[in-house]
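J.: If you scroll down you'll find the structure; I have some questions about it.
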Amino acid sequence: MDSPIDSLHCLPQFTRPMAPQTASNSFTLPSSLPLDSGQDLDGVAIAYESYGTLSPARDNAILVCHALTGDQYVASTHPVTGKPGWWERMVGPGLPIDTDRFHVICANVVGSCMGSTGPASLAADGKPHAMRFPVITIRDMVRAQIALLDGLGIDQLHAVIGGSMGGMQALSLAANFPERAARVLAIAATARHSAQNIAFHEVGRQAIMADPAWADGDYYANEARPDAGLSVARMAAHITYLSEAGLTEKFGRRLQDKADGSAGTKSFGFDADFQVESYLRYQGSGFTRRFDANSYLYITRAMDYFDLAEEHGGHLGKAFAGTSARFCVVSFDSDWLYPTAESRHVVHALNAAGAAVSFVELSAPFGHDSFLLEVPALDRVVKGFLE
């Protein structure tokens, strides 16, 4: 997931933090967080951003769940990159997720690196957890979000919304805490990771762990960090977020112009001759300035372990048995990472459970990342569903 197609210009040289960013809001869980692994995680902090005003009845809250490399800055400037919020086109006054009407909360997931407890956070001995951090799951992330909602005094959400991994969280919340959300909107999501999904993630993880600077995950005090491996992981993943048609339209086989402005020519070497090569290298290098390599390992593993049917006796319909929430499931015709068939599988399970569900496949040329980009039809779906 997870970021819109950017220009080919390089990012400014931002200083990357050695520890999680300080968030404008942070909530520490009052008790340990039970994990699916059987372990308990103590002292968990959840970083979050909120927008709009919570109503006196506390019934207008919307939880927006972010994707793999996202964060809590859904509609505010990112403190590291200086870029606008990742869904600023969707969340704000008068927008489909209208902050004049709704109180919007977006929390950084456990295991990430933007203020919530993760591998870079300090353990009880004063050193980063690194690979001592326990393996987490999507359900663990949701448990932490429920604890945050409890701390904020919000018993039921008007809606929980997410795209990609955020959609997994939305479905997990609906299945495991059915009374906590009146509406569930899952966009470009799936109820489980396929073998192909797992395979792409494994390539990324192996790229990180093959980087000598990874140092078995204990690199936080070192000058060198596994940027080369993390960059390759991002490049491989980013290909899955786009569509062949989109890449062809934007780049084709066009060569990269030279620094002096002259037309591109083949170098007969291994420089970035093609524009698409330059674009992927840009995506990789920019990513290393804002994300932690160990967090990438942990979050991709959480996504790979996600199987909502397995969590409920092997039957996806049982995951939603007895739910009273309204559901909306959205897919995109150019998304080959989580294709429409995955969304239909979720819809069929919801139908089997007797849930109120609507489904739409939208046409967009951008692939999996369509939910982050200009797709006016999605705006109308989101706005209409929240009414």
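The values are calculated or read from the model by the stated rules, or taken from the named source; none is laboratory data. If you're wondering where the values come from, they're calculated on a predicted model, not measured in any experiment. Cβ placement follows ideal geometry from the backbone for every residue including glycine, while neighbour counts extend to all protein chains displayed.
J.: Checking residue 347 against (1) crowded, with 22+ Cβ neighbours inside 10 Å; (2) of a type outside the set (Lys, Arg); (3) assigned to a helix (DSSP H, G or I): exactly one of these is not met. Which one?
T.: Among (1) crowded, with 22+ Cβ neighbours inside 10 Å; (2) of a type outside the set (Lys, Arg); (3) assigned to a helix (DSSP H, G or I), the lone unmet condition for residue 347 is (1).
J.: Answer yes or no: is there a residue in the stretch 353-371 that is surrounded by fewer than 16 Cβ atoms within 10 Å (Cβ to Cβ), of a type outside the set (Lys, Arg) and assigned to a helix (DSSP H, G or I).
T.: No; the residues of the stretch 353-371 include none that is surrounded by fewer than 16 Cβ atoms within 10 Å (Cβ to Cβ), of a type outside the set (Lys, Arg) and assigned to a helix (DSSP H, G or I).
J.: Scan the stretch 200-222 for residues that are closer than 20 Å to residue 126 by Cβ and surrounded by fewer than 18 Cβ atoms within 10 Å (Cβ to Cβ) and jot them down.
T.: Of everything in the stretch 200-222, those that are closer than 20 Å to residue 126 by Cβ and surrounded by fewer than 18 Cβ atoms within 10 Å (Cβ to Cβ) turn out to be 215, 216, 218, 221, 222.
J.: In the stretch 128-160, how many residues are in a loop (DSSP other than H, G, I, E, B), in contact (Cβ under 8 Å) with a residue 24 or more places away in the chain, farther than 22 Å from residue 91 by Cβ and of a type outside the set (A, V, I, L, M, F, W, C)?
T.: Qualifying residue count, the stretch 128-160: 3.
J.: Take the conditions within 17 Å of the chain's Cα centre (by Cα), over 20 Å from residue 121 (Cβ atoms), of a type in the set (Phe, Trp, Tyr) and at pLDDT 95 or above and apply them to residue 296. Does it pass?
T.: Here the answer is no, as residue 296 does not meet what is asked.
J.: Okay, next question. Mind checking whether some residue in the stretch 267-287 is in a helix (DSSP H, G or I), within 30 Å of residue 135 (Cβ to Cβ), charged (D, E, K, R) and free of Cβ contacts under 8 Å to residues at least 40 places away in the same chain?
T.: no
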